Amino acid sequence: MPLLCGGMEIDMEQKQNTSSPRGGRRSRWSVIDTVILLLVLMAIGGIVYRAVSTVYRDEQAEGRDVYEVYFEVAATHRDVLAEIRGFDNVYLYENGMHLGTIGMTKDEESGESIVALTTVPVEGTELATALGCFVCAGSDEMNGGLLVEGTGRYLTRGGELTIRTDRVVLTVKITDIRKRS
């Protein structure tokens, strides 16, 4: 219903439609939108940074030698072993110091790179034995052992070590230590 106001005809329905704070279909960019966008970008950046730094951290170490430490995990539940993935960080259990990462190694027969964790089921049970490898930086290999840089920990063949990843804690027996070339 049109109204006359000072010689101008005003349609009340039209007046109500254009009086919204956003002006119809126009939208405004708010501070909250900016914060959400920044958080999403930071999360993506963090994921990319972690993936890149995990792969290259140990091999790009200046002046340090890189070693593959091979280990065996005896009679552990298969679900626990399934939680270990390539490039997981490996820490000392007792103090949380970073040892290295679950690594890639070359298959000696085929020469192909593989994630260094192989499980062998124990027949008739839900247990499995795993053979694996983690990559770490060390400064010395003495008497068949390795002094892991930054931890003060000396690893030897045949020695036992309790390690943790972000998801599991394992006691491993070190079977071999090889310098990467």
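Some observations on this one:
- Flag for Thr18 being surrounded by 10 or more Cβ atoms within 10 Å (Cβ to Cβ) and at pLDDT below 90: no
- Thr175 being closer than 20 Å to Glu94 by Cα and open to solvent by less than 80 Å² (accessible area, probe 1.4 Å): no
- Scanning the stretch 148-181 for residues that are in a loop (DSSP other than H, G, I, E, B) and either modelled with pLDDT of 95 or more or in contact with a Gly (Cβ under 7 Å, 6 or more places away or on another chain) (or both) returns Glu149, Arg157.
The values are calculated or read from the model by the stated rules, or taken from the named source; none is laboratory data. Model, not experiment: these values are computed from the prediction. Every residue, glycine among them, receives a Cβ derived from its backbone with ideal geometry; neighbour counts consider all protein chains shown. Ligands, DNA and RNA are stripped out before the accessible areas are found, and what is left, the full protein with its side chains, is counted by its heavy atoms. Shrake-Rupley method; radii C 1.70, N 1.55, O 1.52, S 1.80 Å.
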